[in-house]
Amino acid sequence: LDALEIGLRCLGIGAGDRVLTTPLSAFATTLAVLRVGAVPVFVDIDRFGLLDLTAAEERLRRGGIRCLLPVHLYGHVVDLERLTALGSEFGVAVVEDCAQSIGSRFRGAPSGSAGEIAATSFYPTKNLGALGDAGALLCRNPDFAQHSRRLRNYGEADRYQHVEVGLNSRLDELQAALLRSVMLPRLEAWTTRRKEAAATYLDGIRNPRITVPGSPPGSASVWHLFPVLVEPQRRSHFREHLTQHGVSSAIHYPVAIVDQPALSTRAFEVCGGLNAARWWCRAEVSLPIHPWLESAEIHRVVDACNTWAG
Ligand SMILES: Cc1ncc(COP(=O)(O)O)c(C=O)c1O
């Protein structure tokens, strides 16, 4: 959250500026926009649950947008080539939310490499998680690097010289050491394990009542989550069936950001009915996926899905 906020501030995004983003994400994505005083503009999602870039382009054509804030949700990657092209065609900054996508690639290019700035999270449940809250901002531009270091430390340019109103958002040293020495060396093996579980699900789940969206073309996903879709009226039944077979599940996310009560007191813009996002919130179920799943457990999930009669 702080990395997103700091990133937006480095780009000079502030009061009244319009930031185009997705209604399907952790609330933090939009919260960062609100915290800098900007106005979130929501466009609908595609069939993988990601920001629909065709809808985004239509809105960009109408003008008034300063920043594009896509989320590489579930460990998938939004089309990076198209993001870069949209950024330059419409003269808007691109900030990528990589909280769920560390290690993922789009046709060889890492998520986080399309925009001016990217933000990632090391929250404990993330693919690269610390033992407490942590996160990072990624950028190529040395000016942004310098500015972001200042913003994270009370806006201090020099000892006791506060040139702007910053935050206290330093990465705790113990978490940093742990991430670098213990977690990061294991990330690749953990990601491989996630991909193996996802491949077994993609191959094995064969139930006409369960839609498995898979990952978008070009996206080498790191499977932070594994979403499937069922008829909204049958979702509770499906989840109960999973529980009875010893399989836990979750929902990402049950409410579109635009429908969160916190938005009711804030200015925002909606493009179209956001029907796909709202339907997704009622239909989605996340199956278990993490590096420590045993093969037998992965197959139990497949069997539980395949024996659900709807
Ligand atoms: C897509 C996305 N963006 C932003 C965040 C916020 O990350 P953090 O909790 O580390 O501030 C999260 C994590 O919850 C997330 O999943």
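The values are calculated or read from the model by the stated rules, or taken from the named source; none is laboratory data. Source: prediction; values computed, not measured. No Cβ is skipped: glycine too gets one built from the backbone with ideal geometry, and neighbour counts run over all protein chains shown. These area figures cover heavy atoms from the full protein model, side chains too; ligands, DNA and RNA do not enter into them. Shrake-Rupley method; radii C 1.70, N 1.55, O 1.52, S 1.80 Å.
Would you confirm whether or not segment 158-170 contains a residue that is among the hydroxyl-bearing types (Ser, Thr, Tyr) and on the phi > 0 side of the Ramachandran plot?
yes
Looking only at residues of segment 30-45 that are under 20 Å from residue 279 (Cβ atoms) and away from the ligand (no atom under 16 Å from the Cβ), we find that the one that is least open to solvent (accessible area, probe 1.4 Å) is 43.
Among the listed residues 143, 158, 172, identify the single one that is among the acidic types (Asp, Glu), under 30 Å from residue 88 (Cα atoms) and at pLDDT 95 or above. It would help to see each step written out before you state the result.
Values: 158 fails: under 30 Å from residue 88 (Cα atoms); 172 fails: under 30 Å from residue 88 (Cα atoms).
143 is the lone residue from the list that is among the acidic types (Asp, Glu), under 30 Å from residue 88 (Cα atoms) and at pLDDT 95 or above.
The set of residues from segment 49-91 being in a loop (DSSP other than H, G, I, E, B) and within 20 Å of the chain's Cα centre (by Cα) comprises 49, 50, 52, 70, 72, 76, 77, 78, 79. Scanning segment 198-215 for residues that are touching a His at 6+ places or on another chain (Cβ under 8 Å), closer than 18 Å to residue 73 by Cα and part of a helix (DSSP H, G or I) yields no hits at all.
Could you tell me which of the residues 204, 310, 272 is within 30 Å of residue 59 (Cβ to Cβ) and surrounded by fewer than 18 Cβ atoms within 10 Å (Cβ to Cβ)? Steps first, please.
Values: 204 fails: within 30 Å of residue 59 (Cβ to Cβ); 310 fails: within 30 Å of residue 59 (Cβ to Cβ).
It is 272.
From the residues in segment 189-201 that are charged (D, E, K, R) and over 20 Å from residue 229 (Cα atoms), which one is most open to solvent (accessible area, probe 1.4 Å)? Walk me through how you get there before you give the answer.
The initial filter retains those residues of segment 189-201 that are charged (D, E, K, R), namely 193-196.
Still in the running and over 20 Å from residue 229 (Cα atoms): 193, 196.
Values: 193: 62, 196: 87 Å².
Here the answer is 196.
Identify all residues within segment 6-29 that are among the polar types (S, T, N, Q) and assigned to a loop (DSSP other than H, G, I, E, B); write none if there are none. Matches in segment 6-29: 22, 25.
The residue that is surrounded by the fewest Cβ atoms within 10 Å (Cβ to Cβ), counting only those in segment 91-120 that are more than 13 Å from the ligand (Cβ to nearest atom) and over 17 Å from residue 11 (Cα atoms), is 108. Here residue 65 does not qualify as in contact (Cβ under 8 Å) with a residue 60 or more places away in the chain, more than 16 Å from the ligand (Cβ to nearest atom), open to solvent by less than 40 Å² (accessible area, probe 1.4 Å) and touching a strand residue (DSSP E or B) at 6+ places or on another chain (Cβ under 8 Å).
Within segment 38-71, the residues that satisfy the criterion of being within 19 Å of residue 259 (Cα to Cα) and not aliphatic (A, V, I, L, M) are 40, 42, 44, 46, 49, 52, 70. Number of residues in segment 122-145 that are under 15 Å from the mean Cα position of the chain (by Cα), near the ligand (Cβ under 8 Å from one of its atoms) and in contact (Cβ under 8 Å) with a residue 40 or more places away in the chain equals 3.
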